[in-house]
1. Report, ordered by the first and then the second residue, all pairs with beta carbons closer than 9 Å, sequence separation of six or more or different chains, a first member in segment 88-101 that is closer than 15 Å to Glu62 by Cβ, and a second member that is assigned to a strand (DSSP E or B) and of a type in the set (Lys, Arg).
2. Quick test of your reading of the structure: Val15 fulfils all but one of (1) aliphatic (A, V, I, L, M); (2) without any contact (Cβ under 8 Å) to a residue 40 or more places away in the chain; (3) not in a loop (DSSP other than H, G, I, E, B). Name the failing condition by number.
3. So which residues in segment 56-77 are at pLDDT 95 or above and at positive phi?
4. Could you list, in sequence order, all residues of segment 35-88 that are of a type in the set (Gly, Ala, Ser) and under 16 Å from Val102 (Cβ atoms)?
5. Mind listing just one residue for me: the one in segment 75-84 that is more than 30 Å from Asn17 (Cβ to Cβ) and in contact (Cβ under 8 Å) with a residue 24 or more places away in the chain and, of those, surrounded by the most Cβ atoms within 10 Å (Cβ to Cβ)?
6. So which residues in segment 74-112 are under 18 Å from Arg27 (Cα atoms) and of a type in the set (A, V, I, L, M, F, W, C), if there are any at all?
7. Which of the residues that make up segment 91-146 are assigned to a strand (DSSP E or B) and either touching a Leu at 6+ places or on another chain (Cβ under 6 Å) or surrounded by 14 or more Cβ atoms within 10 Å (Cβ to Cβ) (or both)?
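The values are calculated or read from the model by the stated rules, or taken from the named source; none is laboratory data. Just so you know, these numbers come straight off a predicted model, no measurement behind them. Cβ placement follows ideal geometry from the backbone for every residue including glycine, while neighbour counts extend to all protein chains displayed.
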Amino acid sequence: MCNSPFKERGDKDAVENGSFLMPKFDRDGLIVAVVTDIKSGEVLMVGYMNEEALKRTIETGEAWYWSRSRQSFWKKGETSGQVQSVHEILTDCDQDAIVLKVSVAGNGATCHVGYRSCFFRKVVSSKDGSASLERVEAEKVYDPAEVYGKS
């Protein structure tokens with residue numbers, strides 16, 4: 001892997017207005033990564049990166065994440081073929097969140113349960129104050145059992 005592309009966090013003005021990448025990782029060493037489709041702008045997923053995952057993403061041009069459940073790195077699409085090619089990386093003003101603008105290989109899906117986007121449901125509120133979920137993507141793009149070999 002390459003030398004660190006990051007600079008030590010500077011003062012507030014340097015972080016908010018400067019030209020150096022100074023990401024702020026949380027107390028677990030993670031930064032949130034919102035992933036959007038490069039063409040449509042649709043939100044595809046949210047993942048987390050530690051310093052090494054962000055470095056790998058910058059170096060390879062393909063999205064790498066830190067799996068909080070498995071406590072390990074994962075390259076999106078390594079098993080499914082749904083590799084995310086990163087076209088642009090944005091950071092917010094205080095550099096504690098990342099946006100990846102990607103194109104997705106394979107069947108173009110991102111969600112491990114078979115939908116194009118992990119955000120395939122919306123919250124609907126009822127007059128009685130309760131909330132439920134309603135699908136905004138009617139059909140799955142693929143069968144996860146065929147891709148991952150499990151149900």
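1. Going by the 9 Å Cβ cut-off, the qualifying pairs are Glu88/Lys101; Ile89/Lys101.
2. (2)
3. Gly61, the sole residue that qualifies.
4. Taking segment 35-88 as the starting set, the residues that turn out to be of a type in the set (Gly, Ala, Ser) are 40-41, 47, 53, 61, 63, 67, 69, 72, 77, 80-81, 85.
If the condition is that a residue be of a type in the set (Gly, Ala, Ser) and under 16 Å from Val102 (Cβ atoms), then Ser40, Gly41, Gly47, Ala53, Gly61, Ala63, Gly77, Ser80, Gly81, Ser85 are the ones that fit.
5. Going residue by residue through segment 75-84, those that are more than 30 Å from Asn17 (Cβ to Cβ) are 75-83.
Still in the list and also in contact (Cβ under 8 Å) with a residue 24 or more places away in the chain: 76-77, 79-82.
Numbers: Lys76: 25, Gly77: 18, Thr79: 12, Ser80: 18, Gly81: 13, Gln82: 22.
The residue in question is Lys76.
6. If the condition is that a residue be under 18 Å from Arg27 (Cα atoms) and of a type in the set (A, V, I, L, M, F, W, C), then Ala97, Ile98 are the ones that fit.
7. Within segment 91-146, the first condition is being assigned to a strand (DSSP E or B), and the residues that meet it are 91, 97-104, 121-125, 131-135.
Once the filter is applied, which keeps residues that are assigned to a strand (DSSP E or B) and either touching a Leu at 6+ places or on another chain (Cβ under 6 Å) or surrounded by 14 or more Cβ atoms within 10 Å (Cβ to Cβ) (or both), segment 91-146 yields Thr91, Ala97, Ile98, Val99, Leu100, Lys101, Val102, Val104, Arg121.
So that you can scan it fast, the table gives a plain yes or no per residue for (1) among the hydroxyl-bearing types (Ser, Thr, Tyr); (2) at pLDDT below 95; (3) in a loop (DSSP other than H, G, I, E, B):
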| residue | (1), (2), (3) |
| --- | --- |
| Cys2 | no, yes, yes |
| Met45 | no, no, no |
| Leu54 | no, no, no |
| Thr79 | yes, yes, yes |
